[in-house]
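Everything below concerns the one structure shown next.
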Amino acid sequence: MSQHHKTTRNMQAQKLKFKGECKDADARCWLCSQPINYEPVDDNDQSRFELDHYYPVSTHPEHAEDPANFRPSHAECNRRRGNKAPAPGLGTLSRDWL
């Protein structure tokens, strides 16, 4: 959760790059597998993109700026997860149910 750790210029640049890569790939939220809104109209849109860390920064600060630790998520999913381990999913979807 960003309010608990320092954001560096390097991290800001990595976040923008990662967001662009995710948007180009139309990456879904790694926590719920639903589409992410990469162009939110307002900052209160809970389906907007937010960079999540597989290993939370609060418990693994050494991985804060490691791109291999980055995951695309919804703002809501990221906040709900906090620094807990991700809830196990159901596996890979057989098709897009939207």
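Restricting Leu93, Leu31, Leu51 to residues that are modelled with pLDDT under 95, aliphatic (A, V, I, L, M) and out of contact with any Gly (no Cβ under 9 Å at 6 or more places or on another chain) narrows the list to Leu93.
For the range 58-79, a tally of residues being in contact (Cβ under 8 Å) with a residue 24 or more places away in the chain and more than 12 Å from Met11 (Cα to Cα) returns 12.
Restrict the check to the range 35-49 and report whether at least one residue is assigned to a strand (DSSP E or B), in contact with a helix residue (DSSP H, G or I) (Cβ under 6 Å, 6 or more places away or on another chain) and either under 19 Å from Ala87 (Cβ atoms) or not hydrophobic (A, V, I, L, M, F, W, C) (or both). Within the range 35-49, one or more residues are assigned to a strand (DSSP E or B), in contact with a helix residue (DSSP H, G or I) (Cβ under 6 Å, 6 or more places away or on another chain) and either under 19 Å from Ala87 (Cβ atoms) or not hydrophobic (A, V, I, L, M, F, W, C) (or both).
Could you tell me whether the range 77-84 includes any residue that is in a strand (DSSP E or B), of a type outside the set (D, E, K, R) and either surrounded by fewer than 14 Cβ atoms within 10 Å (Cβ to Cβ) or touching a Lys or Arg at 6+ places or on another chain (Cβ under 8 Å) (or both)? No, every residue in the range 77-84 fails to be in a strand (DSSP E or B), of a type outside the set (D, E, K, R) and either surrounded by fewer than 14 Cβ atoms within 10 Å (Cβ to Cβ) or touching a Lys or Arg at 6+ places or on another chain (Cβ under 8 Å) (or both). When the range 31-76 is filtered for residues that are touching a Ser or Thr at 6+ places or on another chain (Cβ under 6 Å) and surrounded by 17 or more Cβ atoms within 10 Å (Cβ to Cβ), the ones remaining, listed by number, are Leu31, Glu50, Asp52, His74. Within the set of pairs 6 or more residues apart or between chains, which connect a residue that is over 9 Å from His74 (Cα atoms) inside the range 23-50 to a residue that is exposed (fewer than 13 other Cβ atoms within 10 Å of the Cβ) and among the aliphatic types (A, V, I, L, M) with Cβ atoms less than 9 Å apart? Filtered contacts from the range 23-50: Ser33/Leu90; Ser33/Leu93.
The values are calculated or read from the model by the stated rules, or taken from the named source; none is laboratory data. Values in this document were obtained by computation on a predicted structure and should not be read as measured data. For neighbour counting, all protein chains shown are included, and Cβ atoms are generated from backbone atoms with ideal geometry for every residue, glycine included.
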